[in-house]
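Below are the structure tokens for one structure; questions will follow.
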Amino acid sequence: MISRRRSEYHRARRRRHRRGYGADDGTMTLEMALLTLIFVGFMMMLAGLGRIVDVQSQIDGAARDAARAASVARNKDEVAGMAEQAAVASLGGTSWCTNGPQVQADTHAWGPGGQVTVTVGCNVGLGDVAWIGFPGTKTMAGKSTAPIDKYTSRGLPGGAR
């Protein structure tokens, strides 16, 4: 009785197989394994891109702070120092900005009613997401311009007021 049931089962299975049923046994497992790998890779890439966007946002914020600090300087000689100090204060607690921020202040339009432009750059360490395909380090920069108040007293060249 049992052998008869087995033989009927095997005959029915062979018939289904000849008709095309059951020919893809196990392919769903393979498809799911491949799709899972692709999905995990996509999520890791999104995490790496999110990190880059976050870093760029922080560098832009440091440039904004440095430009605002430079715009309240009393004379042109203080501009670079105040911008550097503000950028270091903004990015001081970060471990990803290697060798500290590089700050450049453009003072060609400095004066009452003028403006000051500050560029803050960082060599960003991306070693922890490099295995996804990102570079080990990436140089990123942010630039900001701040107006200089027209009615604030500024020091004149030579110390005269």
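The values are calculated or read from the model by the stated rules, or taken from the named source; none is laboratory data. The structure presented is a predicted model; accordingly, all values stated were derived computationally and were not measured. We place every Cβ from the backbone using ideal geometry, glycine too, and count neighbours over all the protein chains shown. Ligands, DNA and RNA are excluded from the accessible area calculation, which covers all protein heavy atoms including side chains. Shrake-Rupley method; radii C 1.70, N 1.55, O 1.52, S 1.80 Å.
Less than 16 Å apart at the alpha-carbon level, and either on another chain or at least 8 residues along: which aspartates and glutamates does that give for K76?
Once the sequence-local aspartates and glutamates are set aside, what remains near K76 is E84, D106, D149.
If you don't mind, there's one more thing I want to ask. If I ignore ligands, DNA and RNA and count only protein heavy atoms, how much of S7 is accessible to a 1.4 Å probe, in Å² to the nearest 10?
It works out to around 40 Å².
Using the alpha carbons of the stretch 66-161, what is the convex hull volume per residue in cubic angstrom, as a whole number?
Hull volume normalised by residue count: 90 Å³.
What does the charge count around Q85 come to, taking other residues whose C-beta lies under 13 Å from its C-beta (Lys +1, Arg +1, Asp -1, Glu -1)?
Residues close to Q85 contribute a combined charge of -2.
Right, next: Among A66, L37, G48, whose Cα lies farthest out toward the positive end of the dipole of the stretch 33-161, if unit charges sit on the beta carbon of Lys, Arg (+1) and Asp, Glu (-1)?
A66
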